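Following: one structure in structure tokens, then a few remarks.
We did not get these values from a lab; they are worked out from the coordinates using the rules stated. The structure presented is a predicted model; accordingly, all values stated were derived computationally and were not measured. Positions of Cβ are generated from backbone atoms using ideal geometry, with glycine treated the same way; all protein chains shown enter the neighbour counts.
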Amino acid sequence: MSIILYIAAPLAFDSKIPENPSIYFASLSIFIAVSLSIASIIGLAVKDQTKTPMFSIIVFLPSIMLSGIMFPVEMLPKMLETIGKAFPASWGYRLMTGGLLDWKICCRCW
């Protein structure tokens, strides 16, 4: 699905393609792995199968709302902005938009 959106977004929404697709897809893979890990923990921790979706919504909805995906983080009060940094969606969003990972930083590690 991500590859379809990667190809269709410039055509449908006039968006720009990420400058480095390998970093984009690597950060996307990290974000997907972290999200699936959290979902697995929720699935294992909640004993009642009917309550699992409720706990997932309790975790993932604030994650999306406070991460900057739906609206800019700068619009939030400082306290909510700080709370939003604890959620993986904010780090995943920063990774995929290029605000966190850079080749220069990676080159220093090697």
In what order do TYR24, TYR6 fall by count of nearby beta-carbon atoms within 10 Å, going from fewest to most? TYR6, TYR24
In what sequence do MET65, MET1, MET75 fall when counting other Cβ within 10 Å, fewest first? MET1, MET75, MET65
Using a 7 Å offset from the Cα along the Cα-to-Cβ direction at both LYS51 and ILE64, what is the distance between the two label points in nm, to one decimal? 2.4
Once fully extended, how much extra length lies between ILE30 and MET75, figured as 0.36 nm per residue of separation less the alpha-carbon to alpha-carbon distance? 13.5 nm
Is the shape of the chain best called rounded, prolate or oblate, per the rule: a/c under 1.5 gives rounded, else a/b larger than b/c gives prolate, else oblate, with a ≥ b ≥ c the square roots of the Cα gyration tensor eigenvalues? prolate
Sort THR82, THR50, THR97 so that the residue with the fewest other Cβ atoms within 10 Å of its own Cβ comes first and the one with the most comes last. THR50, THR82, THR97
Once LYS16 and ILE41 are pulled to full extension, the length gained, defined as 0.36 nm per residue separation minus their Cα-Cα distance, is 5.5 nm
About its Cα centre, region 2-109 carries a charge dipole, from +1 on Lys and Arg Cβ atoms and -1 on Asp and Glu Cβ atoms, whose size in debye to the nearest 20 is 260
